[in-house]
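Structure first, commentary second.
The values are calculated or read from the model by the stated rules, or taken from the named source; none is laboratory data. Since this is a predicted model, take the numbers as computed values, not measurements. With ideal geometry, Cβ positions are generated from the backbone for all residues, glycine too; neighbour counts draw on all protein chains shown. What goes into the accessible areas is simple: the full protein's heavy atoms, side chains included, and nothing from ligands, DNA or RNA. Shrake-Rupley method; radii C 1.70, N 1.55, O 1.52, S 1.80 Å.
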Amino acid sequence: MQSFEELGLPAFLSASLKRMNFSVPTPVQAQAIPPGLEGKDVIASAQTGTGKTAAFGIPLLAYLDSHPDRTALVLTPTRELAMQVQGVLSALRGSHPVGESVLLIGGANMGGQHSGLSRK
């Protein structure tokens, strides 16, 4: 895969990738996104900063766009990573309503988190 344009992504994702100046996929993205878009399970390992969140986030958001009755749960080992993942997914989503998220973390106000969940 030489570019994201080859993937036939939903228009909102293509627009977000352009807005984010993502044109050429990183190696982990080139290997993980195509099977992810086919609904296959993918296990990937790569250094920090190589685009792993987009590697799973792009297929995830494409799936949610084509299955509006579905939801997803992303678990991370730390609150910092959870905030980072939510930020990347939000940027990929742009203004499109697919994949709206609620960040649930320990030690935070449960009332606000519960309210966020009830809106979804």
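Condition first: among the hydrophobic types (A, V, I, L, M, F, W, C) and either modelled with pLDDT under 95 or over 14 Å from P35 (Cα atoms) (or both). Now tell me which residues in the range 48-60 satisfy that.
none
Starting from residues that are in contact with a Gly (Cβ under 8 Å, 6 or more places away or on another chain) and assigned to a loop (DSSP other than H, G, I, E, B), keep the ones in the range 23-49 and report whichever is surrounded by the most Cβ atoms within 10 Å (Cβ to Cβ).
Among residues in the range 23-49 that are in contact with a Gly (Cβ under 8 Å, 6 or more places away or on another chain) and assigned to a loop (DSSP other than H, G, I, E, B), the one surrounded by the most Cβ atoms within 10 Å (Cβ to Cβ) is P25.
Name the single residue that is most open to solvent (accessible area, probe 1.4 Å) among those in the range 84-120 being assigned to a helix (DSSP H, G or I), modelled with pLDDT under 85 and closer than 21 Å to D69 by Cα.
Going through the qualifying residues, I end up with H114.
Is it the case, given these coordinates, that L73 is part of a loop (DSSP other than H, G, I, E, B) and loosely packed, with under 13 Cβ neighbours inside 10 Å?
yes
Return the only residue of L81, L61 being in contact with a His (Cβ under 9 Å, 6 or more places away or on another chain) and either of a type in the set (K, R) or open to solvent by less than 90 Å² (accessible area, probe 1.4 Å) (or both).
Result: L61 is the single residue among L81, L61 that is in contact with a His (Cβ under 9 Å, 6 or more places away or on another chain) and either of a type in the set (K, R) or open to solvent by less than 90 Å² (accessible area, probe 1.4 Å) (or both).
Only residues that are small (G, A, S), open to solvent by less than 40 Å² (accessible area, probe 1.4 Å) and part of a loop (DSSP other than H, G, I, E, B): list them for the range 1-22, please.
The answer is S3, and nothing else.
Looking at the range 7-60, which of its residues are touching a residue at least 12 places away in the same chain (Cβ under 8 Å) and charged (D, E, K, R)?
Hits for the range 7-60 are R19, K52.
Take the range 51-70 and flag every residue that is of a type outside the set (G, A, S) and under 14 Å from the mean Cα position of the chain (by Cα).
Once the filter is applied, which keeps residues that are of a type outside the set (G, A, S) and under 14 Å from the mean Cα position of the chain (by Cα), the range 51-70 yields K52, T53, F56, I58, P59, L60, L61, Y63, L64, D65.
Can you name the number of the only condition in (1) within 30 Å of I105 (Cα to Cα); (2) modelled with pLDDT of 95 or more that P34 fails?
P34 satisfies every listed condition except (1).
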